[in-house]
Number of protein chains: 4
Amino acid sequence: MKSRFSTEAGRVEAFSDGVIAVIITVMVLELKPPSGTDLHLLREILPTFAAYVLSFVFVGIYWNNHHHMLRASDGVDGRAMWANLHLLFWLSLVPFTTRWMGENPSAAGPTALYGFVLLMCGFAYTLLQNALQAVNGPDSAFTKAVQGDLKGKMSLAFYVCAIGLAFVSTILSDVLYVVVAITWFIPDRRFESVISGRG
Amino acid sequence: MKSRFSTEAGRVEAFSDGVIAVIITVMVLELKPPSGTDLHLLREILPTFAAYVLSFVFVGIYWNNHHHMLRASDGVDGRAMWANLHLLFWLSLVPFTTRWMGENPSAAGPTALYGFVLLMCGFAYTLLQNALQAVNGPDSAFTKAVQGDLKGKMSLAFYVCAIGLAFVSTILSDVLYVVVAITWFIPDRRFESVISGRG
Amino acid sequence: MKSRFSTEAGRVEAFSDGVIAVIITVMVLELKPPSGTDLHLLREILPTFAAYVLSFVFVGIYWNNHHHMLRASDGVDGRAMWANLHLLFWLSLVPFTTRWMGENPSAAGPTALYGFVLLMCGFAYTLLQNALQAVNGPDSAFTKAVQGDLKGKMSLAFYVCAIGLAFVSTILSDVLYVVVAITWFIPDRRFESVISGRG
Amino acid sequence: MKSRFSTEAGRVEAFSDGVIAVIITVMVLELKPPSGTDLHLLREILPTFAAYVLSFVFVGIYWNNHHHMLRASDGVDGRAMWANLHLLFWLSLVPFTTRWMGENPSAAGPTALYGFVLLMCGFAYTLLQNALQAVNGPDSAFTKAVQGDLKGKMSLAFYVCAIGLAFVSTILSDVLYVVVAITWFIPDRRFESVISGRG
């Protein structure tokens, strides 16, 4: 039974990796060359480029943590599969919000929507985590590993703040987005012991 | 012999996953930012967004069921490989019909074509199922699992109705598309016992 | 030694599958919705659609045969890796020539170039086959399986004819392209015995 | 423990392959058909095509060497994962600089930026190599294999020269880019003995 589960998880991982690889790569297609050939003109696309870097880091973080979480789980079931597709759906909107914010860096709407999609990604990630907890059972090493999850809850709070602050100053929102990215830069170590304990 | 078949199925799965991952992700590239930065302007792209969500769910359903079906099969042969490419062909047209319908939500033509491509996807899925039945043999657990297939037949009937109703009211067609998506939301459990019986 | 080779071949297969999956899927992005919402307007995009179907079949054939050939080989070396990238390069130009021919179905230039890229794909496939023969050795089952290769040689001859005929009538070239596609529709069975002999 | 590391490396490889497959394939989408149907008009897109060929070769070289390097390593850790994402980030900018240089072949800015992104890719590759050295330990076969790395250092020096020369003559920079590509055409054999020694 366990081996079937692992294979299932492998398929979900592979499909998710494919979707995330496309998301992270097509974003750069939005980066249009500047209107001339002078290097100073690159300043024109600096906001779009900065938005691209930020989103690359966020999607990279999701890939990294998603990968650790699935690996730590004993398997996936139908609910977890849909929770995973739900997460991929919100991640797939990141190129859209990145483009809109990049083209309008000082406008409240695009900056707030950027945060809203990140908030939904974070929320979808939590739903996937809950679905996997149900698969692994309440006393599993998986469930113990995800308990607490202070960083995840704080990120959601920061996104909410950033959405509100966008209507005051988009710079403040941008700072909050960067802060969240930095706190996640360190990979999620909660699952390391679960994975090691198995190997 | 069996192990070769499984490897073959693995390759077909991996390639199909790659194609489906690209299909599901490039659709969002059609989602163009609104003409201004006011959040109210997002209403402009609401039909396109709704069409994207619907297609994301449909393609997600195909990924999910495709995956269960291939896994339940003892293998694939040349006919099944072409049947699979045929299914991927019709799925690859979904981004095109999604865009056309999203840009013209109240026009009969695009809404009918959207249903036509879904109908062909459903038909292609049935052909793949038949090809895999031939590989597994008439008395196999696979063949027993796919017998009946009421939901599949009803979906095809619903698509035909939706195509016709598009010329009366596109809203009715849209409702039918959503109804079909909801009925498929629950993963295809027919193969679960086949897979378990093997593990 | 052999197991390392197989793993190497697995990587080359997986990367090639990824590239081919993207090639086959991004082509449909060129399929722009017609200028209105009337279904009759789909006739506008019929040549582009027909070119897309043809190219989908050609790329699908390459995926299918590439897959059988790599599986039949004992491994890959540096030369085969570059021969494979060379094949992927020419395949990657198919979306470009498909678009140009689809937009100008009755113009000689685009139809000839379409054939030229197919010719180069066929040539690159032969180079890859030769590189894999060198890996497997002159007396290997692989080398015996690929000897003769009448269909491959005839395809190259047909492409050359189609390129020339494009300047007489593009319809004749189109017919030749379809004929070649049909002859390849049947999967390359030469490697089946090699693979079976191993399993 | 070792087996877990290998699985991890497998995931990093698979994700990197996906990203690189998309990068190498979407570049061709920038290749717009010429303004007419005369084959002579292909001369219009010759610079863009030449830039595409060059970038295809560079990305192909990275895929090839990346693959050998990860395979030679005993595993990956968190630092190596981020170093890998950092490399993928710079590689993802190649389609952007390719397009800009292809559209402005005789302008200094785009040619210099093209070299700058290649320089950063080379630098990111070195960082990944260092991270993997730390995983494998100072006395490992991996570390011995990467010592020296004359070709890598010379490439970086060539890129710096090409960036400077772009402001004198872009032809000179182009020549240097081609020279670097040729020197790397021969796959990195340093890891071959490491991999063989293990098999």
Inset, instruction - Please work out which one of (1) surrounded by 23 or more Cβ atoms within 10 Å (Cβ to Cβ); (2) touching a residue at least 40 places away in the same chain (Cβ under 8 Å) is the condition residue C:48 fails and give its number. - result: (1)
Inset, instruction - Working only within region B:44-92, note down all residues that are charged (D, E, K, R) and either within 9 Å of the chain's Cα centre (by Cα) or assigned to a helix (DSSP H, G or I) (or both). - result: B:44, B:71, B:79
Inset, instruction - Scan region A:1-18 and report the pairs whose first residue is in a helix (DSSP H, G or I) and whose second residue is at pLDDT 85 or above and of a type in the set (Phe, Trp, Tyr), with Cβ atoms within less than 8 Å and a gap of 6+ or a chain change. - result: A:15/B:63; A:17/A:63; A:17/D:15
Legend entry - Selection status of residue B:7, over 14 Å from the mean Cα position of the chain (by Cα), modelled with pLDDT of 85 or more, of a type in the set (Ser, Thr, Tyr) and surrounded by fewer than 20 Cβ atoms within 10 Å (Cβ to Cβ): no
Inset, instruction - Kindly indicate whether any position in region A:75-85 is under 27 Å from residue A:164 (Cβ atoms), buried (at least 23 other Cβ atoms within 10 Å of the Cβ) and out of contact with any strand residue (DSSP E or B) (no Cβ under 8 Å at 6 or more places or on another chain). - result: no
Legend entry - Checking residue A:165 against (1) over 17 Å from the mean Cα position of the chain (by Cα); (2) in contact (Cβ under 8 Å) with a residue 24 or more places away in the chain, the condition it does not meet: (2)
Inset, instruction - Would you mind listing the helices (runs of 4 or more DSSP H) fully within region B:93-163 where at least 1 residues are of a type in the set (Val, Ile, Thr) and closer than 19 Å to residue B:181 by Cβ? - result: B:94-103, B:108-136
Legend entry - region A:98-107, subset over 16 Å from residue A:167 (Cα atoms) and more than 9 Å from every other protein chain (Cβ to nearest Cβ), residue farthest from the chain's Cα centre (by Cα): A:102
Inset, instruction - Within region A:44-53, track down each residue that is under 30 Å from residue B:24 (Cα atoms) and more than 8 Å from chain D (Cβ to nearest Cβ). - result: A:45, A:46, A:47, A:48, A:49, A:50, A:51, A:52
Inset, instruction - Can you tell me which residue within region A:23-43, out of those that are at pLDDT below 90 and surrounded by fewer than 17 Cβ atoms within 10 Å (Cβ to Cβ), is farthest from the other protein chains (Cβ to nearest Cβ)? - result: A:35
Inset, instruction - For residue C:60, work out the one condition from (1) at the interface with chain B (Cβ under 9 Å from one of its Cβ atoms); (2) closer than 17 Å to residue D:24 by Cβ it doesn't fulfil. - result: (2)
Legend entry - Sole exception among (1) within 13 Å of chain B (Cβ to nearest Cβ); (2) in contact (Cβ under 8 Å) with a residue 24 or more places away in the chain for residue C:76, by number: (1)
Inset, instruction - Within region D:27-83, count every residue that is hydrophobic (A, V, I, L, M, F, W, C) and farther than 30 Å from residue D:147 by Cβ. - result: 14
Inset, instruction - Name the one entry in D:88, D:93 that is in contact (Cβ under 8 Å) with a residue 40 or more places away in the chain, in contact with a helix residue (DSSP H, G or I) (Cβ under 8 Å, 6 or more places away or on another chain) and within 9 Å of another protein chain (Cβ to nearest Cβ). - result: D:88
Inset, instruction - Quick one: count up the residues across region A:108-141 that are farther than 24 Å from residue B:38 by Cβ, within 16 Å of the chain's Cα centre (by Cα) and touching a residue at least 40 places away in the same chain (Cβ under 8 Å). - result: 5
Inset, instruction - For residue B:35, indicate whether it is under 30 Å from residue A:104 (Cβ atoms) and in a helix (DSSP H, G or I). - result: no
Inset, instruction - Would you confirm whether any residue within region A:110-118 is away from chain B (no Cβ under 14 Å) and of a type in the set (A, V, I, L, M)? - result: yes
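The values are calculated or read from the model by the stated rules, or taken from the named source; none is laboratory data. Remember, predicted model here, so these are calculated numbers, not experimental data. Please note: Cβ atoms are built from the backbone with ideal geometry, for glycine as well, and neighbour counts cover all protein chains shown.
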